[in-house]
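This report concerns only the one structure given below.
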Amino acid sequence: MKLRTIIISILIVLFALCSMGQSGYGVDEMSKPKPSMPTGKFQADFWFDLTKLVSYGQPIVEEREDGNYMIFPALFGDSFIIMNFADGSTLQAEIMNRIAAGGAVMKIVEADPNTGIPIHGVYRVELTWDMYTEAGQLLFTGAGLIPERHYYFNKDGVPVKIEDVKPATAEGAGIGPYEGHTIVLGEIYMSMEMRDNKPFLHGTWKGGEIR
């Protein structure tokens with residue numbers, strides 16, 4: 001009986017090993033360390049779909065000593081980024097951007113004299129963000145500042161030109177595979193461009209680093 005039990009046990013182990021080999025998870029592959037996520041210096045391209053910006057209310061106009069300002073409600077938007085590292089690695093990720101109520105303010109520089117609709121505004125915003133892999137794994141959580149973004153509108157109040165005069169900045173702390181790392185996104189200049197017949201903000205990030 002003991003011999004039969006030993007033979008059955010051997011056959012079970014051999015069957016398991018064969019199955020693992022057929023499914024692509026052999027003993028050698030299981031023992032191999034998984035490749036680490038890329039770190040170091042990088043440059044990146046970033047796109048934000050303006051048609052998917054979610055607003056939790058309507059902006060209000062506030063009169064101050066130096067002019068009129070639009071105070072925005074809470075805002076939420078999804079964007080994506082392609083990061084190209086100095087060692088040749090590439091990381092594609094999604095970024096969830098969150099702006100608290102009052103965190104985005106636009107000074108109205110020029111308005112239509114007949115309708116009052118803004119023609120030119122200077123936008124400043126403080127925001128928080130999370131970065132995820134395309135599979136939904138959280139990588140970083142952080143905060144950012146857009147110090148001076150100029151908006152130009154048509155007569156219907158639709159943006160026709162957006163450009164950063166001063167660079168935006170952002171920094172985040174690593175989560176999960178990046179636990180213990182910090183990401184610095186460097187200087188970010190963004191402008192509006194059409195992509196797939198939709199208005200996007202396109203940003204070029206230089207001087208980025210995961211350390």
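Only one of the numbered conditions (1) part of a loop (DSSP other than H, G, I, E, B); (2) crowded, with 16+ Cβ neighbours inside 10 Å is not met by R149, and that is (1).
Here is the figure for the range 172-188: residues that are modelled with pLDDT under 95, part of a strand (DSSP E or B) and either closer than 19 Å to I99 by Cα or not assigned by TED's automatic domain parsing to the domain that holds V125 (or both) total 1. The single condition among (1) touching a Phe, Trp or Tyr at 6+ places or on another chain (Cβ under 6 Å); (2) surrounded by fewer than 16 Cβ atoms within 10 Å (Cβ to Cβ); (3) part of a loop (DSSP other than H, G, I, E, B) that G102 does not satisfy is (1).
Within the span defined as the range 127-144, one or more residues are modelled with pLDDT of 95 or more, surrounded by fewer than 17 Cβ atoms within 10 Å (Cβ to Cβ), of a type in the set (A, V, I, L, M) and assigned by TED's automatic domain parsing to the domain that holds A74.
Filtering the range 105-126 down to residues that are in a loop (DSSP other than H, G, I, E, B) and either outside the structural domain of G77 (by TED's automatic domain parsing) or not polar (S, T, N, Q) (or both), which residue is nearest to G186 (Cα to Cα)? First the steps, then the outcome.
Within the range 105-126, the subset in a loop (DSSP other than H, G, I, E, B) is 112-117.
Now drop any that are not either outside the structural domain of G77 (by TED's automatic domain parsing) or not polar (S, T, N, Q) (or both), which leaves 112-113, 116-117.
Working: D112: 36, P113: 40, G116: 37, I117: 34 Å.
It comes out as I117.
The values are calculated or read from the model by the stated rules, or taken from the named source; none is laboratory data. Remember, it's a predicted structure, so these values are computed and weren't measured experimentally. Methodologically, a virtual Cβ is constructed for each residue, glycine included, from the backbone with ideal geometry; neighbour enumeration extends over all protein chains shown.
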